[in-house]
1. Could you please find all residues in the stretch 140-156 being surrounded by fewer than 17 Cβ atoms within 10 Å (Cβ to Cβ) and either of a type in the set (F, W, Y) or in a loop (DSSP other than H, G, I, E, B) (or both)?
2. When the stretch 84-112 is examined, which residues are found to be over 19 Å from W168 (Cβ atoms) and among the β-branched types (V, I, T)?
3. Identify the single condition in (1) hydrophobic (A, V, I, L, M, F, W, C); (2) modelled with pLDDT of 95 or more; (3) within 24 Å of G126 (Cα to Cα) that A57 does not satisfy, given that it satisfies every other one.
4. Since E89 meets every condition but one in (1) in a loop (DSSP other than H, G, I, E, B); (2) among the acidic types (D, E); (3) closer than 17 Å to Q167 by Cα, which condition does it not meet?
5. Does T137 satisfy being surrounded by fewer than 21 Cβ atoms within 10 Å (Cβ to Cβ), closer than 22 Å to Y42 by Cα and not aliphatic (A, V, I, L, M)?
6. Just for the stretch 85-128: of the residues that are in contact with a Leu (Cβ under 9 Å, 6 or more places away or on another chain) and hydroxyl-bearing (S, T, Y), which one is surrounded by the fewest Cβ atoms within 10 Å (Cβ to Cβ)?
7. How many residues are touching a residue at least 24 places away in the same chain (Cβ under 8 Å) and assigned to a loop (DSSP other than H, G, I, E, B) if we restrict to the stretch 38-54?
8. I need the full set of residues from the stretch 92-111 which are in a helix (DSSP H, G or I) and either modelled with pLDDT under 95 or farther than 26 Å from K139 by Cβ (or both), in order please.
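The values are calculated or read from the model by the stated rules, or taken from the named source; none is laboratory data. These numbers come from a predicted model, not from an experiment. Glycine also receives a Cβ, built like all others from the backbone with ideal geometry; neighbour counts cover every protein chain displayed.
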Amino acid sequence: MNRLAAAAACFALAAGSAAAAPPPRVSITDYVQLHTPLPYPYDEAADASAAVDRALARARKSGKRVIIDMGGNWCGDCRILAATMELPEMKAFLDRHFEIVSIDVGRMDKNLQVPARYGITTRLEGVPALLVVDPKTGKQLVGKAQVSALADARHMHPQDLADWFAQWTR
């Protein structure tokens, strides 16, 4: 088990999330297998607050948690994460457990009201930055120290990314 997966497992146990779903098994072994060109996942013209509100409303109806993916189309790690999330195994798993909303943060100077809504009032440490939100309480589940855990996505194995998401399932 690598360091990220071990830390995630320890955090999940400490948080009482022992009932988390097992992660999907991601079959690719190298990012070369990802679809190219890599996606541009962030709508730079979207109303970010409204998009989050819509995701929360869908999640309240479906019983899923919300993942708020904050980043920029200029960010290679953000685009790698987005492509990994589109892999068939990952997409099916994520669609089953989460409502996902992607928020463009520009060059760390745009739509910062979204992280502020969840108590992150300082500059994001890196992107992609992900928040996991419980739609019933509106509380952020990811600790502030873990928000940027995937900011080095390009150097992580796709299975590590799957493991990170799995810890936040119900």
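1. Just the residues of the stretch 140-156 that are surrounded by fewer than 17 Cβ atoms within 10 Å (Cβ to Cβ), to begin with: 143-145, 152, 154-155.
G143, D152, listed by residue number.
2. Answer for the stretch 84-112, where residues must be over 19 Å from W168 (Cβ atoms) and among the β-branched types (V, I, T): just V105.
3. Here A57 meets the rest and fails (3).
4. (1) is the only condition that E89 fails.
5. no
6. Taking the candidates together, the pick is T121.
7. Keep residues of the stretch 38-54 that are touching a residue at least 24 places away in the same chain (Cβ under 8 Å), which gives 38-44, 46, 48-49, 51-52, 54.
Checking which are assigned to a loop (DSSP other than H, G, I, E, B) leaves us with 38-44, 46.
Residues that pass the stated criteria total 8.
8. Start the filter on the stretch 92-111 by keeping residues that are in a helix (DSSP H, G or I), which leaves 92-97.
Within the stretch 92-111, A92 is the sole residue that qualifies.
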